[in-house]
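The values are calculated or read from the model by the stated rules, or taken from the named source; none is laboratory data. Treat the numbers as computed from the prediction; the structure is a model and nothing was measured. We place every Cβ from the backbone using ideal geometry, glycine too, and count neighbours over all the protein chains shown.
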Amino acid sequence: MPPENGRMLDNNTKRDPNGEIYRLDNGTIGNYPRCMTERLLLWAEARPNSIFLAQREGDERRWKNLTFDEAASLMLRLSQALLDHGLSVERPLMVMSGNDIQHALLACAAMHVGIPYVPVSPSYALLASDYAKLRYVCDLVTPGMVFVDDETRFATALEAVCGGDIAIVSTHVSARARAFSSLAETQLSGDKVERAHASVSPDSVAKLLFTSGSTGMPKAVINTQRMLCSNQAMLAQQLPFLQQETPVLVDWLPWHHTFGGNTILGMAIHNGGSLYIDDGSPTPQGVQRTVDNLREISPTFYCNVPKGFEALVDHLRKDDTLRSSFFQRLEMMHFGGAVLPAHVRKALDDLGYAETGQRIPMLTGLGSTEACLAFCTDDDSAISGLVGRPVPGMQVKLVPSGNKWEARLKGLNVTPGYWRAPDKTAEAFDEEGYYCTGDAMRFIDPQRPESGLIFDGRLSENFKLITGTWVNVGVLRLQVIEDLAPVVQDVVIIGEGQGYLTGFVVLNPAGCAQQLGAGPDQDVATLSHSPALRDFLMERLTAHRQGKSSSMRLERLLVLDFPLSFDKGEVTDKGSVNQRQVRESYPDLIDELYANSPSRRVILPIET
């Protein structure tokens, strides 16, 4: 039974006396910096020769290291250059390319003197065909300067969206751009930089981060200095080991998302850590670079998305040198962005134990562009979907929404709103000033809230069958992926307004090669028509259905024989699938799934 209304459930949780609302308050945090770059200057004095950033360079892919002292000096020169170019809150710095040392230095330089820094997904320029999102972003932000790593690579996009009033800067110039090196050689002049830095307050706009834009054009989320600095203090309080040993991070997560740009890069700055910029990615091709990097650099704390861990596991099994290096001084792992499949988690546990004699703890959490990392576990747990407790200093309200509980947030780490969008800002907050996440959560045990919260899906993803039964898409999707492992990368759950559930299968070519002996270079079009794949999915679908209710089992599958589209918003640049968008994009395939006489492409369970 639920606790009585108004009763304190633990020191930080209670239930409203006059309503079905839970309130969680995880205490307070200590002091935090006024500005992110204060910590960079601190480490430049305290540990000037310690490595801050490193990245591969040249054909030989040797590591280029940048110390805190070198970074601080370059940051001040770049701050002078940005001010000399007239950049301001109204004319910020926009970065269109990926993670590298030059990107990090420009970001720090802008934030140091109160110029908003705006990282934009390179996909908007390199994977898109019409530049609609990139043009929208540029018009909204009105940048005074745009940085790209290679002018030639971005030339078409730059020409499409950047007028003559926007300065272009590039590491590798080809035409219009000014060289990054020339900005880095700018000499400090008077006290211009010092005065600008002194005017930066905790409420100053540090950066603008864009949402995924999966249901329309992306929104520019205001990230203040207070948000970034307080969130790092929250994490340091929640995870003391970050301060007990200098973090060494090997990370690819993109800086135009909050996980990579706020949590990981911020962690290196706040704690004086060393961030080795991983030029890999969680793809069959990109993971090889990650493997090369991890064979040389042993992290103390390793973060990734579930897809990244899944890609890495196969290499850890086969490569003794990689396994030794990876686990050598690893204290913790952490994943976010989705739920880690159980078979991947078990493999990491087994490999860590075989190498070190103990399991390496796996943390998890949940963050958002609007709230940085808002939930985090602080000890090891294998509970599927667990996001832990609110980070210290944050308040959470759980409000009924249909048959779910929506998590709403308030705290130092929560955005004040969306850039130049007062209407969208007003819609995002409730009458008490809590940010409405749209994420459903529930207690593991309502009688013991300290046990933590479980992510219960996105409210916008869930739907009802024609019977009126709610389908929890997030939970079901995870279960189906596990049941069909390792050949699937994702499953799109179909069935809104139908009498039963079906699904589109998004293949994992590496998993198909492992399970079916398929060639590693076979494309999804070829794999999707494989008789061996069909037999495998029929058997797994049959087993998946046993003993499950109608809202927790699929009756039919259809394997997609084409890649999902970034331009259509079906998939993000991190590889996440937009369930609702895919369902809306292919009504003909849905009709095929529900046909009275299904085609050969539709996979049915084995009749018994």
Members of the stretch 409-442 found to be surrounded by fewer than 19 Cβ atoms within 10 Å (Cβ to Cβ), at negative phi and in a loop (DSSP other than H, G, I, E, B), listed by number: PRO416, ALA421, ASP430, GLU431, GLU432
Candidates ARG295, ARG289 - the one that is under 20 Å from the mean Cα position of the chain (by Cα) and modelled with pLDDT of 95 or more: ARG289
Residues within the stretch 376-408 that are over 30 Å from ASP349 (Cα atoms), outside any loop (DSSP other than H, G, I, E, B) and in contact (Cβ under 8 Å) with a residue 40 or more places away in the chain, tallied: 12
Condition met for GLU539 (surrounded by fewer than 19 Cβ atoms within 10 Å (Cβ to Cβ), more than 28 Å from the chain's Cα centre (by Cα), over 26 Å from GLY261 (Cβ atoms) and not small (Gly, Ala, Ser)): yes
Among residues of the stretch 518-549, those that are in a helix (DSSP H, G or I) and farther than 30 Å from HIS315 by Cα, counted: 2
Residue list for the stretch 446-460, filter: of a type outside the set (D, E, K, R), part of a strand (DSSP E or B) and at pLDDT 80 or above: LEU453, ILE454, PHE455
Residue match in the stretch 504-525 (condition: surrounded by 14 or more Cβ atoms within 10 Å (Cβ to Cβ), in contact (Cβ under 8 Å) with a residue 60 or more places away in the chain and farther than 20 Å from ALA311 by Cβ): yes
Among (1) among the basic types (Lys, Arg); (2) part of a helix (DSSP H, G or I); (3) modelled with pLDDT under 95, the one test that ARG226 misses: (3)
Residue that is surrounded by the most Cβ atoms within 10 Å (Cβ to Cβ), among those in the stretch 122-158 that are among the small types (Gly, Ala, Ser) and touching an Asp or Glu at 6+ places or on another chain (Cβ under 7 Å): SER123
Residues that are under 21 Å from ILE101 (Cα atoms) and acidic (Asp, Glu), drawn from the stretch 126-155: ASP149, ASP150, GLU151
From the options GLN479, GLN498, GLN515, GLN489, residue that is assigned to a loop (DSSP other than H, G, I, E, B), at pLDDT 85 or above and not charged (D, E, K, R): GLN498
PHE326 vs. criteria of a type in the set (Phe, Trp, Tyr), surrounded by 22 or more Cβ atoms within 10 Å (Cβ to Cβ), within 26 Å of SER384 (Cα to Cα) and modelled with pLDDT of 95 or more: yes
Hey, PHE375 hydrophobic (A, V, I, L, M, F, W, C) and out of contact with any helix residue (DSSP H, G or I) (no Cβ under 9 Å at 6 or more places or on another chain) or not: yes
One residue from GLY273, GLY261, GLY266, GLY336 being over 20 Å from the mean Cα position of the chain (by Cα), of a type outside the set (Phe, Trp, Tyr) and surrounded by 20 or more Cβ atoms within 10 Å (Cβ to Cβ): GLY273
One residue from ASP84, ASP59, ASP25 being of a type outside the set (Phe, Trp, Tyr) and under 20 Å from ALA184 (Cα atoms): ASP84
Strands (runs of 3 or more DSSP E) (entirely within the stretch 29-139) containing at least 3 residues that are at pLDDT 95 or above and in contact with a His (Cβ under 7 Å, 6 or more places away or on another chain): none
Flag if ARG23 is part of a strand (DSSP E or B) and at pLDDT below 95: yes
Helices (runs of 4 or more DSSP H) wholly inside the stretch 145-211 that include at least 1 residues being in contact with a Leu (Cβ under 6 Å, 6 or more places away or on another chain) and closer than 20 Å to LYS133 by Cα: 155-161
Out of THR263, THR283, sole residue that is in a helix (DSSP H, G or I) and either among the polar types (S, T, N, Q) or within 21 Å of ARG345 (Cβ to Cβ) (or both): THR263
Residue in the stretch 310-326 that is assigned to a loop (DSSP other than H, G, I, E, B), hydrophobic (A, V, I, L, M, F, W, C) and over 27 Å from HIS103 (Cα atoms) present: no
Failed criterion for GLU370 (all others in (1) modelled with pLDDT of 95 or more; (2) buried (at least 20 other Cβ atoms within 10 Å of the Cβ); (3) outside any loop (DSSP other than H, G, I, E, B) hold): (3)
Selection count where residues are under 20 Å from PHE326 (Cα atoms), assigned to a helix (DSSP H, G or I) and touching a residue at least 60 places away in the same chain (Cβ under 8 Å), scope the stretch 240-259: 1
Residues that are aliphatic (A, V, I, L, M) and surrounded by 18 or more Cβ atoms within 10 Å (Cβ to Cβ), drawn from the stretch 159-174: VAL161, ALA167, ILE168, VAL169, VAL173
So VAL161, is it closer than 27 Å to LEU253 by Cα and out of contact with any Lys or Arg (no Cβ under 7 Å at 6 or more places or on another chain): no
Unique match (being of a type in the set (Phe, Trp, Tyr) and at pLDDT below 85) among PHE443, PHE463, PHE536: PHE463
The stretch 203-218 - residue that is buried (at least 17 other Cβ atoms within 10 Å of the Cβ) and either hydrophobic (A, V, I, L, M, F, W, C) or modelled with pLDDT of 95 or more (or both) and, of those, farthest from GLY365 (Cα to Cα): SER204
